[in-house]
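Have a look at the structure below before the remarks.
None of the figures in this text is laboratory data; all of them are computed from the coordinates on show. Everything numeric in this text was worked out from a predicted model, so none of it was measured. Virtual Cβ from ideal backbone geometry, glycine too; neighbours counted across all protein chains shown.
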Amino acid sequence: MVRSIWIAGLISLAGVSAYAGSQSMELSKIQSDASYEYDSDRTVIKSYLDAINILRSQPRKCGSKGTFKAAAPLKWSDKLYKASLEHSHDMATHGLLCHAGSGKSTDVTGTKSGWMRRASQASERGKFHGYTYNKAFAFAENIGAGQKTLPDIVRAWADSPSHCANIMNPDFREMALTKSTNPDTRYKTFWTLNLGYRR
């Protein structure tokens with residue numbers, strides 16, 4: 001199961017061009033993430049970055065969202081990483097698949113952003129972890145649960161129009177992707193992809 005949310009302060013969509021061709025060939029280039037619970041290894045970060053940039057490297061039809069031109073490769077953001085990891089861990093701890101945080105202690109942004117505990121929202125997590133801006137800001141979050149490997153989650157997002165459109169959006173410049181697991185939950189594996197642009 002996958003869900004996406006797209007939040008923007010100031011953003012415009014670039015034009016798209018028609019594209020008819022196999023979109024599954026490049027997915028075979030994505031390396032499996034092997035088996036680990038939390039992401040702290042630079043090799044893992046590189047494989048995540050490569051996987052999303054492989055998708056962006058060719059024109060892509062995103063179902064009802066239209067056809068997108070190939071987009072420039074993204075850079076890794078440690079600030080988006082912190083926001084992404086917070087949410088993946090929060091979802092895994094409580095077995096939730098939701099863009100809103102749990103409002104519990106693992107929802108760090110929600111519990112630290114005021115005197116009253118509440119559920120955090122996607123863009124709030126980015127800002128809380130330092131992904132702030134002066135003039136313009138765009139942010140998107142894709143989440144998923146139940147996909148065991150990196151190729152599985154990337155394929156699921158590529159096949160979903162809204163998730164695909166988030167990934168292919170040429171306005172985004174940075175990203176972070178994390179995975180967290182909890183074998184005692186229905187989905188067991190939880191993913192959060194954060195995409196951002198700021199200036």
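Around Tyr133, under 14 Å between beta carbons, what's the net of Lys plus Arg minus Asp minus Glu among the other residues? Kindly include the intermediate steps, with their values, before the conclusion.
Details: positive: Lys79, Lys127, Lys135, Arg173, Arg198, Arg199; negative: Glu124, Asp171, Glu174.
Charge balance near Tyr133 sits at +3.
Near Met168, once Lys and Arg are set to +1 and Asp and Glu to -1 for all other residues with Cβ below 9 Å from its Cβ, the sum equals +4. Computed packing ranks the peptides 81-87, 94-100, 181-187 as 81-87, 94-100, 181-187, most packed first, by mean other Cβ atoms within 10 Å.
Classify region 83-199 as rounded, prolate or oblate, taking a ≥ b ≥ c as the square roots of the eigenvalues of its Cα gyration tensor: rounded when a/c is under 1.5, otherwise prolate if a/b is larger than b/c and oblate if not. Don't skip to the answer; put the middle values down first.
Details: a/c = 2.37, a/b = 1.02, b/c = 2.32.
Taking the square roots of the gyration eigenvalues as a ≥ b ≥ c, region 83-199 is oblate.
Whole-Hz Karplus values for region 187-197 come out as 8, 6, 10, 10, 10, 9, 10, 10, 10, x, 8 Hz, taken residue by residue from phi with 6.51 cos²θ - 1.76 cosθ + 1.60 and θ = phi - 60°; glycine and proline positions read x. In a simple Cβ point-charge model (Lys, Arg +1; Asp, Glu -1; nothing else charged), region 53-199 has a dipole of about 340 debye relative to its Cα centre.
Determine how many Å³ per residue the convex hull of the Cα atoms of region 139-199 encloses. Could the numbers behind the result be given before it?
Details: hull volume 4.7 nm³, N = 61.
Hull volume over Cα atoms, normalised by residue count, gives 78 Å³.
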